[in-house]
Each structure stands twice: as C-alpha cells, then as structure tokens.
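In what follows, a single structure is set out as structure tokens and then discussed.
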Amino acid sequence: MSSSDLLDLLWLVPALPLAGAVTLMLFGKRIREPIAGWVATALVGLSFVWTVVMFLALRDVEPRAHETIIWKLVPAGGFDVQLGFLADPLSITFALFVTGVATLIHLFSIGYMHGDERFSRFFAYLNLFVAAMLVLVLGNGFLITFLGWEGVGVCSYLLVSFWFERPAAAIAGKKAFVTTRVGDFGFMLAMFLIFEKLRTLDYAALDRAATLSTGTATAIALLLFLGAVGKSAQFPLHVWLPDAMEGPTPVSALIHAATMVTAGVFIVARAHPFFEHSGTAMTVVAWIGAGTALLAGTIALVQPDIKRVLAYSTISQLGYMFLALGVGAYAAAIFMVITHAFYKGTLFLGAGSVIHGSGDTQDLRTMGGLRKYLPLTAGGFIVAWLAIAGMPPFSGFWSKDEILASAFSAHDYGVWVVGVAAALLTGLYMTREVFLVFFGNERFRAERASEAREEDDITASPTVAFGDAPSPARLDHDPHESPRTMTTAILFLGALAVVAGVLNLPFRSLEFLTEWLEPVFEDVPEIHPNSFVGGFALSTLSVTMGLIGILVALSLYRQGLRRPDEDPGLARLGFAGRLFGHAYHFDESIARLVAGPVTRFSDWLDRTVDSRVIDGAVNGIGGLFGSLGGGLRRAQTGLVRNYALGVVLGAAGLLLFMLVRG
Amino acid sequence: MTLAAADVTANYYLVLAALLFTVGAIGLLVRRNVLVMFMCVELMLNAANLTFVTFARELDDVGGQAIVFFTLVVAAAEVAVGLGIIVAIFRRRRGATADDLHILKG
C-alpha cells in the first residue's frame, strides 16, 4: 500500500472518536462504568495511533499535502460542498497533539468521573468533542472546518454545563456558547466574503489570496480573527473562559490543552495568506494578543480559585500565541500551542487531582502543604509550573523564548516589551498558585469535627470568585492521592512538558518543527535573531524576568497564608489588586450596559418599530382583507332566485361578449 | 294551407327552442314555488336538447343526438336528487317558497 493510498484513509482519524460518541449515546444506558470510559479512551487512543501512521505516510509524499474527498455533500450548480480532508504538516501536527493529549485526558477522566450518574454520557461528549476538533483541523476547506468549529462550540456547551443541576454551570455553558457565537458570525461573514471573491472555500485556493485587494484581504483577515478571538478567548471575548471552569476539571483540561481554544490559532495559521497580505490585520492580531497576555496575567495574580488562575493563565498564554502569529512567527506560535497543551494539560489534571483529593474544594486559601499527601500530583504540577514560567530547559522556555525573540527580530519592540512584562506576571501568578497549594502551612483541616464534610450540596458551585469569603476548611482526615489512572495521565503529560522543547531547539539543524511546517509557511519570510549572541541575550532577559516573578512570589507566599482571608500579594497591590481581582470589572460593565442603555434601546424599538411598523403592517393587511370580505358578504343574499339571476345575467353577458368579438 | 315538411326549416326549431329557453329562464327568476322553478329548469334543459337535435339533423352529424342522451341522463339524475331535496323541505316546513329558504345569507 503506497503512502498516498494510506493517506486516503485520513477520515478514520475523526471517525474513530465519532464512532465512540455514537455508540455511547445509543447504548450508554447499557454500557456501565468503567467500560464506557475505557471504550472512549481506547477509541481516541486508536485515533492517535492512526494519526501517527498518517504522519509517517505524509513524510513520504511530495509535495507535502494530500487531499481526499469522501463524498459530495451539496452539489449546487457552480458551488460544490465536498466532505474532504486535507493532510498537510499543519493539520497533522494539530491532529497529533489533539489526539495524544485527549487520550491522556480520557484516561484521567475514568478516575475523576468515578461514581457520576451520567458517566457514559460524559465520555460520549468527550469523544464528540475530540471528533469535532479533528474535523476542524483536518477539513479541506473553510466549510468543513466550520462544521468542526460549530461542533466544538456545541460540545463545550454540553460539557461546561454537564453538571446542569448547578445553576452556575448551566449559565456558564450558555455564556460560553453565546460568546463564541459572536465570533462565529465573524467566521461566517469571512466565508461569504472569501466565496464572493475567490468562488471557492477550499484551502487550495489560498494561493490566490495575494490577488485580492489589500482592503478585501484586511476585511477577510479581521473577520476570521474575530472568530479566532471568540474561540480562543482573547480580549474582548475572553469572558466565557473563566466561567467555563464550572465544568468538570477534565473538560477544562480538554478545552484549554487540546480542543477549542487552539482552534483560533489554527485558523489564523491556516488562513495566513490573508493576514500576510494585510499589514493592518497583522498589527491588530499582534496587539490584541500582547494586550490579552498582559491583562489576563494581571487578573490571574489575585484569583482565589485554583482553576480560575489557570483559566486566566490560559488566556494569557493564548495571547502569546497570537502575538507570535501577529509578527509572522507561525511556527513559533504552533510550537507554543504544543508545549502549552502539555504543560497546561498537566496543570489542569493536577488541579483536578488536588480538588478530587482534598474534598472538592477549589479555594487556594484553604489548601497548603499538599505535596506530602499528593506527591505524584505535586511532581507533575511543579514540573509544569517551571515549564509555564519559562525556566530552561523545560518546554515552555523554548517556545516562549522563540516567540519573544521573533517579536524582537521583527522590530515589533512594543509587543516585545509587553510580552516580556507578561513573562514576569506568568512567573508571579504560577508561583503563587504552586506555593499556596503544595507548600506552606496546612489550612485544610476543619477546626471542629462537626464542620467536616466531604459531600457538597450538588447544586452549589465550588467555584470561588474574587471577594468571596474563604470556603471553610472541612477535612477531618488527610487528603489522599488520586487513583492510578489519574496520576499516570498527569505524570505522562508532565514528562512531555519537560521534553517537548526538543521539537524545536533554536539551533540551525535542530529546528525540527519549523522545518516540518516549512511547506505550509513557505510564502512567509523567516525571522531569525540577528546573531547567536543577540538571541542569547534575549533569552537571558526573558528568563531573568520569569525568575524575578518567581522570587517575588516566593518571598510573599513561601510560608503560605497566616489566615485564609489574608493574601499578602493582594494587600501589597491595594487598589490595583481589587481591580485585577474583579477582572477590570469587564463582566459587570457588560452587564450594566445590557441592563441600562441596551434594554432601554430595545424597549424603544419594541414600542415603535415592533408594535407600530411591523405589527401595523401585519394588522393592516389583515384589516384590509377583513373589510373587503365584509363588503362582499352582502352579495350572498341566500335567495336562490338572486343567484339564478346572476347565472342568467352572466350567461347573457358571455353571449354578448362572443357576439361582439365575432 | 298546409305546411310542407320542406317549408319547416331549421330556424323554426331554433326559434322555438329559444322561446322555450326564455320562458324557462324567466319562469325560474319570477316564480317562487320550488316545484315550478324546478319545472322551468327542465324546460331550459329541453330547449337545449331541441337545439342539439336540430343541428344534428342539419349538419348530418349524429354527435348532437348522442349529447341529448347524456343531457337526459343528467336531467334524470338531477330530478331524482332535486325532488328528494324538495320532498325533504316539504316535510320540514309544509310549503316551499324559495324566498323563505335564506338561511345561507352572508
């Protein structure tokens, strides 16, 4: 079987998890825990294995792209919608880490979701989520990608509000769905525009992007970027991601590490000819990314919830990726997507393990000293912490450094400065989280045995918002390490977070990922630091900033907290701390805007346009025909002889007509 | 003076038919008794039949005669239904004046 024959079977990659989802949805009632979990994990694992086969096959074909058409969905005149998949370095790279990380998260979920009454339903959704993401990255055109794009939107809704008994979770799911839909509109408008100008939506037509006028390219690029902003939770559509923490922790891990939020990076990288053609769009992307990296980093500094810190951290790290895309360093952005998948996956699974092991609390202020009780989790978490803070030789160092170096070499000094500042913040907030959870004094024990409780009211949300009083310490026993399925996943991902840097070391012959992605980005000029010494100086600077962040946080949080409601960092920050804590009052401002002017405007529309113009037109037409009928009613006298007269006169009239016409 | 068969042209029949039809039509419009109105309708039908056979003979075409059979069949059916309705009306309200039956007034 030749390599290109093998690549014709690319559709198996999304089909395997989809089959899992369908099976579990149809027979979920009969397939019991833990079999459902193992079935789902095995199918995603198989999908990963098959992606590896695809990867090996793709290395043998020249040119490095292979398109397969499965069938024609909608043949409509000059416009064919084909269900087709495209294997090229970009799509296979994404598929590899999506399936790989998702397999580990599935494995973790078997332990985490133990005892849940909708166990098999959960795995059906997880499988569907992965399948949708794979359709998104493997599609051969914008339309198939959009299918997956909407699919991940639906799955995020289903999974974020998976524990729908909690009102907060149901609302968070809705918020995620509605917010990302705002971006989806941009994506749709971009597709209309692309079809209008290029007469096709296939990625093969991207070569012709350079023939468009700059204005059109800018419009398409910015509309696509709006879609990316929604999915990847960039400012100002970032509001859904922190609230999405209401979902089960493996879902957060899946959303943050493998599926969903990386879709925005993917679409910008895929459609880069439009962006390259428009300087404005590139500048917007770079600055939105840089701004988001900085803002989300500051918000993460003072959050009291273990998962919310990670959520804002993801927003910040995604900002880095868009910063990289905006300066034209596509390979660097994708490198960071991969390393981020590993270390953020580790952090989220670690957080899940901590929550699982310490009585379902998410409040950093009532944890502390947990490394003794959860040694494996702590190991994975600490490694991922060093990676995200950009410490050499962990993977995060290489990716973040490459992005900052690219920004500097591309002479975008403004975004470079912001990026370096965000590196300092990353060190700060991650160190705070690690030390509040795993080091310092133990704050989780209930003072009286009567206050100890393990099980929560299931309708109460465990999420701790800024400003909430610390949730009471409530354990009367030691926290426990998680089962082996969970720790295996954490340690495996943690190991990847350590070594993933070798994918793209900044030395000529070792830039494996950049070389591999070369066919996709061959039209883009390469960015390199001017000299080795220059590159080294830049690295030293960014590591130093990260170290400063870590040391400052260490000095503040090494001892833990004296009292749960006293956060030394928050006290130092004063007014700014409260501003960060409330996420710059962004949500409240939107809420106030909607409650005030928007509602008043809607009321005005209701009173004038709706009840007068629209209702007036409808009622007017009804009234017109009513009165017409009322008039005609009089003709119906009910007397037979009148009707007979009508018939006779009619016949006479016809006769006369025929006589006159001859 | 006797009229020879040859003197009686087709026009005589057609005029007679037209007269019959007019009598029927006027009767239908001015009489109120349902039975009489019914008979007027029959008169009009037969006026039409007369026209048909006249032309059948004049044009030497058997089609006109054939149509008369159809008309008779339809008329018979109509009589059966119509008389049935009239009998039903008589049973309910002893006497049948067409103008009394106006409950379908709009």
Diffusion constant of the protein assembly as shown at 20 °C, which comes from Stokes-Einstein with the Kirkwood Cα-pair radius and 1.002 mPa s, µm²/s | 69
For chain A, averaging the sequence separation of alpha carbon pairs under 8 Å that lie six or more residues apart and dividing by its residue count, the contact order in percent is 13
Please give the contour-minus-distance gain from A:THR488 to A:ALA617: 0.36 nm per residue of separation, less the Cα-Cα distance, rounded to one decimal in nm.
-> 39.8 nm
Could you calculate the FRET efficiency of A:LEU654 with B:ASP100 from 1/(1 + (r/R0)^6), where r is the beta carbon distance between them and R0 is 30 Å, rounded to 0.05?
-> 0.45
Could you name the aspartates and glutamates in cross-link range of A:LYS372, using Cα to Cα under 12 Å and dropping any fewer than eight places away on the same chain?
-> A:GLU442, A:ASP478, A:GLU481
Quick one: check the C-alpha center-to-center distance for the range A:637-658 versus the range A:226-258, whole angstrom.
-> 77
Please state, as a whole number in µm²/s, the translational diffusion coefficient that the Stokes-Einstein equation yields for the range A:510-622 at 4 °C and 1.567 mPa s, with Rh defined as the Kirkwood radius across alpha carbon pairs.
-> 60
For the range B:32-94, calculate the relative contact order in percent as a whole number, restricting contacts to Cα pairs under 8 Å that are 6 or more residues apart.
-> 31
Binning at 5 Å from 0, report for chain B what percent of all alpha-carbon pair distances ends up in each bin.
-> 2, 11, 16, 17, 17, 12, 9, 7, 5, 3, 1, 0
How large is ³J(HN,Hα), in whole Hz, for each residue of the range B:59-71 in order, when computed from phi with the Karplus curve 6.51 cos²θ - 1.76 cosθ + 1.60 and θ = phi - 60°, using x for Gly and Pro?
-> 8, 6, 10, 6, x, x, 5, 4, 4, 4, 4, 5, 4
In terms of modelled amide H atoms, which long-range or inter-chain residues lie less than 5 Å from the amide H of A:ILE70?
-> A:LEU83, A:GLY84, A:PHE85
Going by C-beta contacts inside 10 Å, put B:CYS40, A:CYS155 in order with the fewest on the left.
-> B:CYS40, A:CYS155
Using packing as a proxy for protection, rank A:381-387, A:71-77 so that the peptide with the highest average count of other Cβ atoms within 10 Å comes first.
-> A:381-387, A:71-77
In nm, give the distance between the simple-model label positions of A:VAL74 and A:LEU26, each being 7 Å from the Cα along the Cα-to-Cβ direction.
-> 2.7
Where does the range B:32-94 land on Rg(C-alpha)/(2.2 N^0.38 Å)?
-> 1.43
Cβ-derived FRET efficiency at R0 45 Å, B:VAL73 paired with B:VAL8, nearest 0.05 = 0.95
Residue mean of other protein chain beta carbons inside 10 Å, A:640-650 = 4
What fraction, in whole percent, of alpha-carbon pairs in the range A:365-429 exceed 21 Å separation?
-> 38
In Hz, Karplus ³J(HN,Hα) per residue of the range A:484-494 (6.51, -1.76, 1.60; θ = phi - 60°; x = Gly, Pro) = 5, 4, 6, 5, 4, 4, 4, 5, 5, 5, x
Which listed residue (B:PHE69, B:VAL87, B:THR54) has the Cα farthest towards the positive end of the charge dipole for the range B:32-94, taking +1 on Lys and Arg C-beta and -1 on Asp and Glu C-beta about the Cα centre?
-> B:VAL87
Rounded to the nearest Å, the spacing of the alpha-carbon centers of the range A:590-604 and the range A:146-185 is 24
Here FRET efficiency (C-beta to C-beta, A:ILE590 to A:ARG208, R₀ 51 Å, nearest 0.05) is 0.80
Could you pull out every one of the lysines with an alpha carbon less than 18 Å from that of A:LYS197, ignoring same-chain neighbours closer than 8 positions?
-> none
Magnitude of the charge dipole, chain B, Cβ model with Lys/Arg +1 and Asp/Glu -1, debye to 20 = 840
Rounded Å value of the spacing that divides the Cα centres of the range B:75-99 and the range A:15-89 | 77
Cross-link partners of A:LYS231 among lysines (Cα-Cα below 16 Å; sequence separation of 8 or more within a chain) | A:LYS174, A:LYS175
³J(HN,Hα) computed for each position of the range A:120-127 - Karplus, 6.51 cos²θ - 1.76 cosθ + 1.60, integer Hz, glycine/proline x | 6, 4, 4, 6, 4, 5, 4, 4
Proxy reagent accessibility, fewest Cβ within 10 Å first, across A:GLU67, A:GLU62 | A:GLU62, A:GLU67
Cα-based equivalent ellipsoid, the range A:327-414: semi-axes from gyration tensor eigenvalues, Å = 33, 12, 11
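Quick note: the coordinates plus some simple rules give every number you see, no bench work behind them. All values reported here derive from a predicted model rather than from experimental measurement. For neighbour counting, all protein chains shown are included, and Cβ atoms are generated from backbone atoms with ideal geometry for every residue, glycine included.
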